[in-house]
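Following: one structure in structure tokens, then a few remarks.
The values are calculated or read from the model by the stated rules, or taken from the named source; none is laboratory data. Predicted model only: the values in this text are computed from it and were never measured. Glycine also receives a Cβ, built like all others from the backbone with ideal geometry; neighbour counts cover every protein chain displayed.
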Amino acid sequence: MKPGKFTYHAPENLHAANQLLAELGDDAKIIAGGQSLIPVMNLRLAQPDHLIDINGISELAGIHQENGLFTLGCLTRHADVETSPLLMDKFPLLPAAAKRIGHLAIRNRGTIGGSLCNADPAAEWPLIAILLDAHLSIQSSGGERHTPAKEFIQSVYTVDLGADEILTTVAFPPLARGEGWAVNQICRRTGDFALVSVAVTLKLDRQGHIERLRLCLGSMDVTPFRLIDVEQAARGKIPDKAWIHEMAGIAFDAGSPESDMHASAQYRREMAAHLTSEVLTEALGRCRAGT
């Protein structure tokens, strides 16, 4: 199928894009990578009267380290994150997550901003943004505002973004020295959306006790979510095999997964437990290796 009729706009800068959105409102949709929007337009599930192409706005792309944060423009392609020398050297968790997104053709076009605004609970960037307490910058004709990822992503395909607003940047705080990390997922086939995904960071003190744990699950509820109470309770514990087994059991009971044509809720719970054990073991190895 082909999309319905629409008027195409290609603003040259962010101000012009904001003005168009303020004027056109709900009748307009922004297109960046188009990996989600174009398929639903072809199926006539979305029929915007106006399409605003922001690909020509160079200020919305790029990867920078500034003020102690790693800042990615909303137009940054997944492939650029995957291959960034800066991130591979100083923040390898982000390239590792990007590498798991779809196939190379998708990573070459898809953008981090598009993924976050689509808010698919199975997608990689919502998982990582919530795990790392990322902060998002949002621009409208009325000015700029900032919001944490956990508040921006509200439900399935639902975000805190007004009809006249554009997500401009995503800022990730760096991991601490010696902080281990890992991310993994279960897919039916390589490139498919994750049936379950788990990401973790782990920091130990000098005595080998847990100083900080962050654990985030995807595809187990309407949004990826952190196990905050579990993270707090982990402080001071020894991360041995018994503790990892306990954490896997907690992950099994977490969230409200649903059964669908791809997997049952029971299978998702079992895989959440399995992946939690794997990522904690991997992150612990990185802690002890100092990488």
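Below, the figures for the structure above:
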read-out	value
Count - residues of the stretch 1-46 that are aliphatic (A, V, I, L, M) and either in contact with a His (Cβ under 6 Å, 6 or more places away or on another chain) or modelled with pLDDT of 90 or more (or both)	12
Test result for R288, in a helix (DSSP H, G or I) and basic (K, R)	yes
Every residue from the stretch 226-246 that is touching a residue at least 40 places away in the same chain (Cβ under 8 Å) and either in the same structural domain as L116 (by TED's automatic domain parsing) or surrounded by 21 or more Cβ atoms within 10 Å (Cβ to Cβ) (or both)	P239
Residue in the stretch 189-205 that is closer than 26 Å to R107 by Cβ, out of contact with any Cys (no Cβ under 8 Å at 6 or more places or on another chain) and basic (K, R) present	yes
Matching entry among P11, P3 (being over 19 Å from S58 (Cβ atoms) and of a type outside the set (F, W, Y))	P3
Yes/no for F70 being among the aromatic types (F, W, Y), touching a helix residue (DSSP H, G or I) at 6+ places or on another chain (Cβ under 8 Å) and assigned by TED's automatic domain parsing to the domain that holds I130	yes
Candidates Q65, Q19, filtered to the one that is farther than 23 Å from N108 by Cβ, assigned by TED's automatic domain parsing to the domain that holds D164 and surrounded by 13 or more Cβ atoms within 10 Å (Cβ to Cβ)	Q65
Some residue of the stretch 60-80 being touching a Leu at 6+ places or on another chain (Cβ under 9 Å), modelled with pLDDT under 95 and among the charged types (D, E, K, R)	no
Qualifying residue in the stretch 249-257 (condition: crowded, with 19+ Cβ neighbours inside 10 Å, touching a helix residue (DSSP H, G or I) at 6+ places or on another chain (Cβ under 7 Å), part of a helix (DSSP H, G or I) and small (G, A, S))	yes
